[in-house]
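*Asks:* After the structure tokens below, expect a handful of questions from me.
The values are calculated or read from the model by the stated rules, or taken from the named source; none is laboratory data. Keep in mind the model is a prediction, meaning the values are calculated, not measured. Cβ coordinates were reconstructed from backbone atoms using ideal geometry, including for glycine residues, and neighbour counts include every protein chain displayed. SASA here: full protein model, heavy atoms, side chains in, ligands and nucleic acids out. Shrake-Rupley method; radii C 1.70, N 1.55, O 1.52, S 1.80 Å.
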Amino acid sequence: MSERMRPWRSVLYIPGSKARALEKARELAVDAIIFDLEDAVAPGEKAAARETLAGALRQGGYGDRASLVRINALDTEWGEDDLEAVSATQPHAIVLPKVDAARDVGKLAERLALMPGTQNTRIWAMMETARGVLDAAAIARSPRMEGFVMGTNDLAAELGCEPGADRMPLTAALQGCVMAARAAGIAVVDGVYNKFKDEEGLRAECAQGRRLGMDGKSLIHPSQVEPANAAFTPSQEEVELARRQIAAWEEASAAGQGVAVLDGQIVENLHVAKARKTLAQAGA
């Protein structure tokens, strides 16, 4: 799949210690998987989880799903071993937790540069600390960076806020990271929705994330995949409008006009660019 067109609508966390979950993930209609060696694995299980995950990745079978591995931070007792074990399997990307500054990503990029077979391995940063959010623009421009994953649970805990259904206390952080990501040309995926049995609440939060500019949603349960995919896939109405806007623009341009009018509204370059992006997303 073309990396430029790759969708990030649904990004599912899978514990690296759960062989059954790793097997089931090969059949899920998910855009990307974060194979987790950090929060989802107890300290006493980390060595075994590392080997279990490395074996599953070597076996493969995940198709077009992007394989992202969240390692433990490099300054922990497990981080370096995690990186050594999974880098040999050539995952799509390494997810670095609790990124506070661009230098954190830089250190990981330097380590990857010394490892054979990792020339195409990208980096995703967990944006889950106040320092990280405040340094988001620099982090987004770091070497090998491909995207942000919002760690809204950890961020809310550090801020001491209570997000609520509207997530108002987190809006500044979410939008700040979206702006940093867009300025650097990288992806940004929204944080998890904890109530995995509450589909209505999930759909509402996905809709909010899309309005904020997120590319998709990180998920904690397979039942959340379909709602996330639906929320971040352009609707048939959006696709049809995009096609009509492009056609109107092309007709106006052929007539030497700088703008077009469709359904009583002006269509300019920016609308055409958005329309083409919508069609590309639908095709991907």
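*Asks:* Please report the antiparallel percentage of DSSP beta bridges with both residues in the chain, rounded to the nearest 5.
*Replies:* DSSP beta bridges in the chain are roughly 10 percent antiparallel.
*Asks:* Now a separate question. Can you quote the Å³ per residue value for the convex hull of the Cα atoms in the chain, rounded to an integer?
*Replies:* 144
*Asks:* Ordered by residue, what ³J(HN,Hα) values in Hz, to whole numbers, does segment 106-112 give under the Karplus form 6.51 cos²θ - 1.76 cosθ + 1.60, where θ = phi - 60° and Gly and Pro are x?
*Replies:* My calculation for segment 106-112 gives x, 5, 5, 4, 5, 5, 4 Hz in order.
*Asks:* Hey, which of these cross-link pairs are over 28 Å Cα-Cα: LYS24/LYS277; LYS46/LYS107; LYS98/LYS274; LYS24/LYS195; LYS18/LYS98? Mind dumping the intermediate values first?
*Replies:* Numbers: LYS24/LYS277 32 Å; LYS46/LYS107 22 Å; LYS98/LYS274 33 Å; LYS24/LYS195 21 Å; LYS18/LYS98 23 Å.
Check vs 28 Å cut-off fails for LYS24/LYS277; LYS98/LYS274.
*Asks:* Oh, and also: Roughly how much of GLU84 is accessible, in Å² to the nearest 10, using a 1.4 Å probe?
*Replies:* Here the accessible area works out near 100 Å².
*Asks:* So how far, in whole Å, is the C-alpha centre of segment 86-138 from the one of segment 177-224?
*Replies:* 20
*Asks:* Kindly write out, for segment 182-194 in residue order, the coupling ³J(HN,Hα) from the Karplus curve 6.51 cos²θ - 1.76 cosθ + 1.60 (θ = phi - 60°), rounded to whole Hz, with x marking Gly and Pro.
*Replies:* Each residue of segment 182-194 in turn: 5, 5, 9, x, 10, 7, 8, 10, 5, x, 6, 10, 6 Hz.
*Asks:* Averaged per residue, what accessible surface does the chain expose to a 1.4 Å probe, in Å²?
*Replies:* Each residue of the chain exposes 48 Å² on average to a 1.4 Å probe.
*Asks:* Name the residue from GLY151, TRP78, ALA180 whose Cα lies farthest towards the positive end of the charge dipole of segment 59-207, charges +1 on Cβ of Lys and Arg and -1 on Cβ of Asp and Glu.
*Replies:* ALA180
*Asks:* Then there is this: Restricting to DSSP H runs of at least four residues, report the calculated mean residue ellipticity at 222 nm for the chain, -39500 (n - 2.57) per run over all residues, nearest 500 deg cm²/dmol.
*Replies:* -13500 deg cm²/dmol, from helical runs alone.
*Asks:* Treating the Cα atoms of segment 61-121 as identical point scatterers in vacuum, please give the log10 of the normalised Debye intensity I(q)/I(0) at q = 0.15, 0.25 Å⁻¹, two decimals.
*Replies:* Here log10 of I(q) over I(0) equals -0.43, -1.13.
*Asks:* If you put +1 on each Lys and Arg Cβ and -1 on each Asp and Glu Cβ, how big is the dipole of segment 35-134 around its Cα centre, in Debye rounded to 20?
*Replies:* 340
*Asks:* With springs only between Cα atoms under 10 Å, which of GLY44, GLY213, GLY16 fluctuates most in a Gaussian network model of the chain?
*Replies:* GLY44
*Asks:* For segment 36-46, take each phi angle, set θ = phi - 60°, evaluate the Karplus expression 6.51 cos²θ - 1.76 cosθ + 1.60, and give the result in whole Hz per residue in order, putting x for glycine and proline.
*Replies:* 9, 10, 9, 4, 7, 10, 5, x, x, 9, 5
*Asks:* Hey, another quick one. Using a 1.4 angstrom probe on heavy atoms only, work out the carbon and sulfur share of the accessible area of the chain in %.
*Replies:* Ligands and nucleic acids excluded, carbon and sulfur reach 51 percent.
*Asks:* Sticking with this one: Could you work out which residue, out of LEU57, LEU241, LEU134, moves most in a Gaussian network model of the chain, that is, has the largest mean-square fluctuation with Cα springs under 10 Å?
*Replies:* Evaluated over the chain, the most mobile residue of the options is LEU241.
*Asks:* Extension gain LYS274-ALA48, at 0.36 nm per residue separation less the Cα-Cα distance, in nm?
*Replies:* Taking LYS274 through ALA48 to full extension adds about 76.7 nm, to one decimal.
*Asks:* Also: Sorted from largest to smallest, which semi-axis lengths in Å does the alpha carbon gyration tensor of segment 152-284 give for its equivalent ellipsoid, taking the root of 5 times each eigenvalue?
*Replies:* Values: eigenvalues 236, 58, 28 Å².
Ellipsoid semi-axes (Å, largest first): 34, 17, 12.
*Asks:* Using modelled amide H (1.01 Å from N, peptide plane; none on Pro or chain starts), what sits under 5 Å from the amide H of MET126, excluding residues fewer than 5 places away?
*Replies:* LEU96, LYS98, VAL99, VAL149
*Asks:* Next question, about the same structure. Put LYS195, LYS46 in order of accessible area, largest first, 1.4 Å probe: what do you get?
*Replies:* The ranking, largest first, comes out as LYS195, LYS46.
*Asks:* Could you pull out every residue, at least 5 positions away or on a different chain, whose amide H is within less than 5 Å of the one on ILE14? Hs are placed 1.01 Å off N in the peptide plane, and Pro or chain starts have none.
*Replies:* ILE34, PHE35, ASP36
*Asks:* Same structure again: For segment 1-75, I need the span (max minus min coordinate) of the C-alpha atoms along each principal axis, in Å, sorted largest to smallest.
*Replies:* The Cα atoms of segment 1-75 stretch 39, 27, 18 Å along their principal axes.
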